[in-house]
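Worksheet: the structure to be examined is printed underneath.
The values are calculated or read from the model by the stated rules, or taken from the named source; none is laboratory data. A quick note: this is a predicted structure, and the numbers were derived from the prediction, not measured. Here the Cβ is made from the backbone with ideal geometry for all residues, glycine too, and neighbour counts use every protein chain on show. Ligands, DNA and RNA are stripped out before the accessible areas are found, and what is left, the full protein with its side chains, is counted by its heavy atoms. Shrake-Rupley method; radii C 1.70, N 1.55, O 1.52, S 1.80 Å.
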Amino acid sequence: MWLLKCVKPLQRARSRIYGTMHEPLDHVTGIQKRELLAHLAGECDPFRIMPIKKGPGTYECPNLIPSAFASRLVGCVCKPHAMHIEWMWVHMGWPRRCGCGYWFELCPIVPL
């Protein structure tokens, strides 16, 4: 009985001193904060690492690969059931053709 009377005022005092937890956005910094802000803005893939569906892939209408840099490493799964990925460097302004015949080109985006 005496223990319960002592614990309740202590719990009330502790909650007044510490209050509630801060938001996670207040604690993070750097690239993690920019990623969290992008997620809050509705961007579900801020680093552009999700697979991109291949389009027509011709020289006139290549598959556009977003990149914030002058070059990017691109992997192409040439056949749907292939166990091998063809890797190639694609440079800004220079369309690149994969061994399967699809063309890829970088399109500039704003870095995160």
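Looking at ARG48 and the list (1) touching a Ser or Thr at 6+ places or on another chain (Cβ under 8 Å); (2) at pLDDT 95 or above, which single condition is not satisfied?
(2)
Mind checking which residues of the range 19-56 are among the hydrophobic types (A, V, I, L, M, F, W, C) and closer than 30 Å to PRO80 by Cα?
CYS44, PHE47, ILE49, MET50, ILE52
Restricting to the range 32-48, name every residue that is hydrophobic (A, V, I, L, M, F, W, C) and touching a Leu at 6+ places or on another chain (Cβ under 7 Å).
LEU36, ALA38, PHE47, listed by residue number.
Are there any pairs, at least 6 apart or on different chains, whose C-beta atoms fall under 8 Å, with the first in the range 55-70 and farther than 13 Å from CYS107 by Cβ and the second hydroxyl-bearing (Ser, Thr, Tyr), and if so, which?
Once the first residue is farther than 13 Å from CYS107 by Cβ and sits in the range 55-70, its partners that are hydroxyl-bearing (Ser, Thr, Tyr) give GLY57/TYR102.
What single numbered condition from (1) in a loop (DSSP other than H, G, I, E, B); (2) open to solvent by 50 Å² or more (accessible area, probe 1.4 Å); (3) under 29 Å from TRP89 (Cα atoms); (4) modelled with pLDDT under 90 fails to hold for GLU35?
(1)
When the range 65-112 is examined, which residues are found to be surrounded by 14 or more Cβ atoms within 10 Å (Cβ to Cβ), of a type in the set (A, V, I, L, M, F, W, C) and more than 30 Å from THR29 (Cα to Cα)?
Hits for the range 65-112 are CYS76, VAL77, CYS78, MET88, VAL90, CYS98, TRP103, PHE104.
Please enumerate the residues belonging to the range 48-64 that are more than 17 Å from CYS100 (Cβ to Cβ) and open to solvent by 90 Å² or more (accessible area, probe 1.4 Å).
Scanning the range 48-64 gives ILE49, MET50, GLU60, LEU64.
Among the residues of the range 46-74, which ones are part of a strand (DSSP E or B) and within 17 Å of the chain's Cα centre (by Cα)? First the steps, then the outcome.
Let us first name the residues in the range 46-74 that are part of a strand (DSSP E or B), namely 63-67, 71-74.
Answer for the range 46-74, where residues must be part of a strand (DSSP E or B) and within 17 Å of the chain's Cα centre (by Cα): ILE65, PRO66, SER67, ARG72, LEU73, VAL74.
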